[in-house]
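Worksheet for the structure shown next.
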Amino acid sequence: MREFRYRRPTDVDEAVALLGADPEAAYLAGGTNLVDLMKLGVQRPDLLVDVTRLPLGGIEPLPGGGLRVGATVRNSELAAHPLVRRDYPVLARALLAAASGQVRNMATTAGNLLQRTRCFYFQDTGKACNKRDPGSGCAARHGQNRELAILDWSEECVATHPSDLAVALAALDAVVEVAEPDGTRDVPFVELHRSPGEHPERETTLPRGALITAVRIPPLPAARRSAYLKVRDRASFAFAVGAVAAVLDLDGDMVRDVRLAYGAVAHRPWRAFRAETELRGRQFTPELAGQAADAELAAARPLRHNGFKVPLIRAITVRALTELAEAQA
């Protein structure tokens with residue numbers, strides 16, 4: 001591991017200034033992803049800016065409804081919060097499916113959203129990877145790509161985003177609060193992560209030095225009827241090979257509102273807008289759920305080893321929505 005310097009800023013402005021002034025610096029919170037990548041030599045920051053002592057750890061109800069979740073709230077705390085469990089069960093279930101208890105006790109909200117791909121070729125410094133080493137190539141496209149993207153990949157990168165929490169937040173229309181060198185702004189969650197394009201090393205739309213300070217989850221009564229289904233190779237701590245976050249609100253058997261997002265299918269958490277359009281305002285049936293998934297997956301381009309993801313995502317979409325519909329009957 002490369003030697004590095006360590007600073008603990010006293011406020012958000014100092015943290016943003018420290019990172020903005022050093023292109024080799026990185027923020028440190030729970031460290032559950034960053035420290036592993038430092039040990040592998042994938043990331044080699046020369047300065048760690050520790051943000052764990054900044055006042056970013058609260059979970060607050062908002063005046064008009066919804067929640068504001070601080071950037072350094074631990075995943076275990078967020079999953080166990082009574083308002084999350086009551087109003088946004090999809091969020092609690094995504095967090096509980098995401099990792100072991102030990103990891104959840106360390107991992108933070110913002111760190112989870114900014115974690116980097118678990119692509120084998122990204123983590124192996126002896127392999128070609130445009131995300132790790134721009135211009136070196138993408139060994140995954142014609143290599144072992146079973147866990148990788150079927151949607152929105154480019155010739156430069158076929159990696160997937162690994163976060164379960166991010167999939168749930170995409171379905172909930174969350175908003176990310178960001179402190180930047182030029183001030184603060186709000187970023188709609190679906191605009192936070194980038195498609196790979198020609199620059200897969202640019203994983204978010206945030207500028208250098210930006211610090212996520214909180215995530216706001218809007219009031220969404222329908223979210224009380226929500227679910228998260230994750231398919232993985234083993235029941236213990238493992239990353240998804242396919243996942244769906246689903247919100248379904250019925251008026252009788254008519255779909256009044258629906259939100260869908262997929263995990264482990266693209267470079268970013270994938271909001272399934274086409275599928276939602278197919279469902280909204282129509283009489284719900286499992287057959288309609290399958291048709292909606294087919295509409296979303298029509299753009300899929302499976303790689304050599306991951307074609308199974310297309311019927312898998314279809315199946316878990318139907319299952320999640322059907323179970324939510326039956327619970328409302």
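The values are calculated or read from the model by the stated rules, or taken from the named source; none is laboratory data. As the structure is a computational prediction, the values presented were derived from the model and not from experiment. Reconstructed Cβ throughout: ideal geometry from the backbone, glycine too, with neighbour counts over all protein chains shown. With ligands, DNA and RNA removed, areas are computed over all heavy atoms of the protein, side chains included. Shrake-Rupley method; radii C 1.70, N 1.55, O 1.52, S 1.80 Å.
Things to note:
- Any chance residue 173 is under 17 Å from the mean Cα position of the chain (by Cα), open to solvent by 40 Å² or more (accessible area, probe 1.4 Å) and touching a residue at least 24 places away in the same chain (Cβ under 8 Å): yes
- In segment 219-245, the residue that is most open to solvent (accessible area, probe 1.4 Å) out of those that are without any contact (Cβ under 8 Å) to a residue 60 or more places away in the chain and of a type in the set (A, V, I, L, M) is 235.
- Single unsatisfied condition, residue 287 versus (1) in contact (Cβ under 8 Å) with a residue 24 or more places away in the chain; (2) closer than 28 Å to residue 326 by Cα: (1)
- Boolean, residue 216 is in the same structural domain as residue 308 (by TED's automatic domain parsing), closer than 22 Å to residue 94 by Cβ and either open to solvent by 30 Å² or more (accessible area, probe 1.4 Å) or in a loop (DSSP other than H, G, I, E, B) (or both): no
- Condition broken by residue 145, with the remaining ones in (1) outside any loop (DSSP other than H, G, I, E, B); (2) open to solvent by less than 10 Å² (accessible area, probe 1.4 Å) satisfied: (1)
- Residue count for segment 182-194, restricted to those that are surrounded by 15 or more Cβ atoms within 10 Å (Cβ to Cβ) and part of a loop (DSSP other than H, G, I, E, B): 2
- Residues of segment 112-127 include at least one that is among the basic types (Lys, Arg), over 20 Å from residue 218 (Cα atoms) and touching a residue at least 24 places away in the same chain (Cβ under 8 Å).
- Residue under evaluation residue 136, criteria (1) over 29 Å from residue 225 (Cα atoms); (2) without any contact (Cβ under 8 Å) to a residue 60 or more places away in the chain; (3) touching a Lys or Arg at 6+ places or on another chain (Cβ under 6 Å), criterion not met: (3)
- Picking from residues in segment 134-164 that are of a type in the set (Gly, Ala, Ser) and within 20 Å of the chain's Cα centre (by Cα), the one that is farthest from residue 110 (Cα to Cα) is 154.
- Residue check for residue 99: aliphatic (A, V, I, L, M) and modelled with pLDDT under 95: yes
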